[in-house]
Structure formats: structure tokens, C-alpha cells
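Only one structure is covered here, and it is reproduced in the block below.
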Amino acid sequence: METPTVQDIFHYFYPKYLDRYTPSPEQAKVSHCIMNCKTGAYGANVSVCEDCGHLHIHYNSCRNRCCPMCQALPTEKWMDARREDVLEAPYFHVVFTVPQELNPLIYSNQQLLYDALYHSVSSTLNELSDDVKYLGAKVGYICVLHTWGSEMNFHPHIHVILLGGGLTVQNQWRDKGENFFLPVKVLSRLFRGKYLDELKALWEDNKLQFHGSSEKYRNYYTFKELIKICYKKDWIPHCKKTFNGAQSVINYLGKYTHRIAISNHRIIRMDEETVTYYVKDYREAGKWKELTIPGVEFIRRFLMHVPPKRFVRIRHYGLLCTRSKTKHLTLCRNLLGCKQYLSRLKNMETAQILETLYAIKVFVCKSCGGHLGKPQQKIPLRI
């Protein structure tokens, strides 16, 4: 048997999953999309070779952001658009995470408490970077939410790609070179305080829901004890060294922005009961190992990471905020004396993009090398 895909696993185990669990509407939608992606269920483009008459059928994808077969092109297009936003300046990768004790509460209140993560991270970075003691400038950064660990366990955290310099109130450029300009301990304590303050405010305003193992936090004293435990823990953000050059920043961004809980290349095998896939063991210096779990459990873990409806996972702040980005970045380039990188794919049709990136010639017949006629869209009955 060929190496299975996430789609294969859903086809085989999803009916068994439904016998034990009830998915949310968003989880059910994602499952439906994955199982029907590129099967003809979403229609097809049919082309006929003008030279040999050979029929070419290209099944449409589902385009769901959680589907492992639909991320390559959006990632490339997003990365290409970001080329125009990158400066020849230091960049840092910072990861903000929360204690695992908060996981049940966060999972029961995903929209509110994921948003609280963004609020706390952005408020922390803005407050510290504005302080002349650390930088005294307005910086730019991109935040991306991930909710999974390597084993697809629930592990919400924010990846931040942070520009290592910014504009002062006098519109002058300021940075601290290759050194990260924010003390990690100060960053940790401020982030912890801001997140727990917002969590307490949501509890006091009766905006939180309590399901499953978070049910106990309805009780004021149990919730207060949880907050006390979280204050005692060190919320240590992880900071990686600077990138070398603008192109490396762009490539690095693509690793995180459109990533999903697991990709097809990590799946090793499946049988009638289990699925085996690669996981990274951070307790052994990131060594890759095999993990085997029941197929139904695989689907349960995968669906845990379906974001709420219309939830925005990639958010831009500071100098990269959409409303003022063009003005700010133009000024930064003038001050730094660096060039603007232009988009390669802007205004291209999908066929042109595929040829540019992957040397796939959509309008060339695979049988004779002749020219394919204009594709005719074929739509199936609604499913």
C-alpha cells in the first residue's frame, strides 16, 4: 500500500469517529472538505488537446485552510506578497506560550482566549519597545497562532516574527544591532500579567463558557487557585537568533504562516485500527520518532485544531499594520538605504504561477505536448 494521506485516514476512520464524538459545525465542514478534496465532488476543469484530442480532467480542490492538500499555493502567494514588506534589518522569532493548566479553559473559549493571546502579546511588545530603556521606537511584527504540538496535542502558542528596530517619535530609525532588545524576564512577566488580567476580566464579566474538564472553574475559589498557580509559573518566551538577509526572513515566514496540525509527509502508515506518524521529541534535542495512536484518536486530535469560524490567524501590527504600512515602510527604506523587493507573482493567473514556481505547464498536453483548449468548468450535483 502507498503511504496514506490525511484524506485516506478520514475516509476510513471518520465514520467510527462519529460513533463516539459529535464534531462542531466547523469541524464537520473541515472533515467534509478533506474527504472530498480533488475527488470531483467540487467540480472539475476539463480540457481537450487541440492536436491529439486527449481529454484532461483536473479535479478542483476544497481550498479549506485546514486541508493538507490546499496549502502550497496560498503559502507561496502570501510569502511572495510579503517580499514587498521586508526590510534589510535584524529580525527575531519569538514564541509566546501559556501554562498547560490553562488549556481546558482555552479550548472551551477558543475565540475569546485566542484573541486574548494576541491582545497580550501585542500590548507587551508595544509597551516594551516604546520604552526608551529598551528601544524607544515603534516596531513592526507578524503574529501567527498555532494550537498544536508535534504529537497534535493541544498546545496554544503565538509565533512572532519581530522587526529588530523601528521608528522613533522623531521618525528616525533605531535598532540594537544583532542583539535582541527586550529582556526575556521582563517580557515574560509583562505578558503573564496582561494575559491573566484579561482572563480574570472575562471570568468576572461572565463571558467564559465551561465544558468538560474546565467545568470546575465555574467555582470562584477553584478559578482563583488556577490563577494563583499560573502566576507562580515562569512564562518564558522562546527567542531565536536573527535571520540573515531579507530572503531568509521570507522563507522562514512560510514555515509558520499556513502550517496545519500535520502534513501528509509525516504520516508513515495506517492499518485497520491505528495510524503511525513522525513526531519531534524536544526532550531529545528534536529527534524524530514514530508515534502510533488509534485512528479515531488521530482524527480527534486533528479536529481539535480547527479554528473558530472566520478566525484570523495571521495578524500584522505596528509598522506592518495594513492601514499605515506603505507610509511607514517607505520611510524606513529611505532611512536604511535599502531597496524594496518586488512581488514576482503579483497579478499573475494561477496557470502562470504554477509554471513560474513548479514548471507545471497547464496548457500543454501530457500525451503529445500539444496545446490544450480553454478548460470547461464541470460542476457536479450538490453533495
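Every number here is computed from the coordinates shown, using simple stated rules; none is lab data. No experiment lies behind these values; they were computed from the predicted model shown. Glycine also receives a Cβ, built like all others from the backbone with ideal geometry; neighbour counts cover every protein chain displayed.
Please report, to two decimal places, log10 I(q)/I(0) for the chain at q = 0.06, 0.13, 0.14 Å⁻¹ as given by the Debye formula with identical point scatterers on the Cα atoms and no solvent.
The Debye formula, applied to the Cα set alone, gives -0.30, -1.23, -1.34.
For Tyr91, enumerate residues with amide H under 5 Å from its amide H, sequence gap 5+ or separate chain, H modeled in the peptide plane.
Under 5 Å from the amide H of Tyr91 lie the amide H atoms of Gly164, Phe243, each far enough along the sequence or on another chain.
What does a probe at Ile268 reach in the stretch 1-23, counting residues whose amide N is under 17 Å from the point 7 Å along Cα→Cβ?
In the stretch 1-23, the label zone of Ile268 (backbone N under 17 Å from the point 7 Å along Cα→Cβ) covers 1-6.
Tell me, in nm to one decimal, what length is gained between Lys216 and His316 on full extension, where the rule is 0.36 nm per residue of separation less the Cα-Cα distance?
Length difference between fully extended and current span is 32.4 nm.
Dividing the alpha-carbon Rg of the stretch 200-321 by 2.2 N^0.38 Å yields what?
Numbers: Rg = 19.9 Å, N = 122, 2.2 N^0.38 = 13.7 Å.
Ratio of Rg to 2.2 N^0.38 Å for the stretch 200-321: 1.45.
Assuming R0 = 41 Å, can you tell me the calculated FRET efficiency for the pair Lys327 and Glu151, based on Cβ-Cβ distance, to the nearest 0.05?
Details: r = 44 Å, r/R0 = 1.08.
For Lys327 and Glu151, the calculated efficiency is 0.40.
How big is the stretch 160-219 along each principal axis, measuring the range of its Cα positions in Å and listing the largest first?
Projected onto its principal axes, the Cα set of the stretch 160-219 covers 50, 23, 18 Å.
Stretch Thr22-Lys255 to full length: gain in nm at 0.36 nm per residue minus the Cα-Cα span? Please report the intermediate quantities before stating the final value.
On the way: separation 233, 0.36 × 233 = 83.88 nm, distance 3.18 nm.
My answer for the length gained is 80.7 nm.
Given +1 on the Cβ of Lys and Arg, -1 on the Cβ of Asp and Glu, and no further charges, what dipole in debye does the chain carry about its Cα centre, rounded to the nearest 20? Don't jump to the answer; show the numbers that get you there.
Details: 53 positive and 35 negative charges, 156 e Å.
It works out to roughly 760 debye.
Can you list the trypsin sites (Lys or Arg not before Pro) in the stretch 153-232 that are in a DSSP coil and have 11 or fewer other beta carbons within 10 angstrom?
On the way: sites: Arg174, Lys176, Lys185, Arg189, Arg192, Lys194, Lys200, Lys207, Lys216, Arg218, Lys224, Lys228, Lys232; in loops: Lys176, Lys207.
Of the trypsin sites (Lys or Arg not before Pro), the ones in loops of the stretch 153-232 whose Cβ has at most 11 other Cβ atoms within 10 Å are Lys207.
Could you compute the FRET efficiency for Cys338 and Val184, with r as their C-beta to C-beta distance and R0 at 35 Å, rounded to 0.05? Please report the intermediate quantities before stating the final value.
Working: r = 29 Å, r/R0 = 0.82.
Taking R0 as 35 Å, the efficiency between Cys338 and Val184 is 0.75.
Please identify the GluC sites (Glu not before Pro) of the stretch 206-295 that satisfy two criteria: DSSP loop assignment and at most 16 other Cβ atoms within 10 Å. Which are they?
Working: sites: Glu215, Glu225, Glu272, Glu273, Glu284, Glu290; in loops: Glu272, Glu273.
Passing both the DSSP loop test and the Cβ count: Glu272, Glu273.
Once amide H atoms are placed 1.01 Å from N in the peptide plane, what residues at a sequence separation of 5 or more from Val364, or on another chain, have their amide H within under 5 Å of its amide H?
Amide H neighbours of Val364: Leu372.
Enumerate the amide H contacts of Leu320 below 5 Å, restricted to partners 5 or more residues apart or on another chain; note that Pro and chain-start residues carry no placed amide H.
Tyr141
What does the charge dipole of the stretch 230-383 about its Cα centre add up to, to the nearest 20 debye, if the Cβ of each Lys and Arg holds +1 and the Cβ of each Asp and Glu holds -1?
Working: 30 positive and 10 negative charges, 175 e Å.
I would put it at about 840 debye.
Filter the cross-link list Lys207/Lys228; Lys133/Lys309; Lys289/Lys346 down to pairs whose alpha-carbon distance in this structure exceeds 29 Å. Intermediate results must be reported in sequence, preceding the final value.
Values: Lys207/Lys228 20 Å; Lys133/Lys309 41 Å; Lys289/Lys346 40 Å.
Among Lys207/Lys228; Lys133/Lys309; Lys289/Lys346, the Cα-Cα distance tops 29 Å for Lys133/Lys309; Lys289/Lys346.
Can you figure out the FRET efficiency of Lys280 with Glu50, using R₀ = 45 Å and their beta-carbon distance, to the nearest 0.05?
Details: r = 50 Å, r/R0 = 1.10.
FRET efficiency, Lys280 to Glu50: 0.35.
Taking the simple approach of a point 7 Å from Cα along Cα-to-Cβ for both Ile57 and Leu354, what is their distance in nm?
1.6
Could you tell me which of Pro156, Gly177, Ser214 has its Cα farthest along the dipole of the chain towards the positive end, charges placed at Cβ (Lys, Arg +1; Asp, Glu -1), taken about the Cα centre?
Gly177
Short version: ³J(HN,Hα) in whole Hz for each residue of the stretch 190-205, in order, from phi by Karplus 6.51 cos²θ - 1.76 cosθ + 1.60 (θ = phi - 60°), x for Gly and Pro, what are they?
Calculated HN-Hα couplings, in order: 5, 4, 4, x, 5, 5, 5, 5, 5, 4, 5, 5, 5, 5, 5, 8 Hz.
Within the stretch 102-128, find all residues whose amide N lies under 16 Å from a label point positioned 7 Å from the Cα of Val169 along Cα-to-beta-carbon.
127-128
Which distance in Å, rounded to a whole number, links the C-alpha centroids of the stretch 42-58 and the stretch 142-186?
One Cα centre to the other: 48 Å.
Using a cut-off of 16 Å between alpha-carbon atoms, which aspartates and glutamates can reach Lys374, once sequence neighbours fewer than 8 places away in the same chain are excluded?
Glu50, Asp51, Glu349
Can you compute the helix-only [θ] at 222 nm over the chain? Use -39500 (n - 2.57) per DSSP H run of at least 4 residues, normalise by all residues, nearest 500 deg cm²/dmol.
Details: 11 runs with 141 residues, N = 383.
Helix contribution divided over all residues of the chain: -11500 deg cm²/dmol.
Between the stretch 310-369 and the stretch 205-254, what's the alpha-carbon centroid distance in Å?
31
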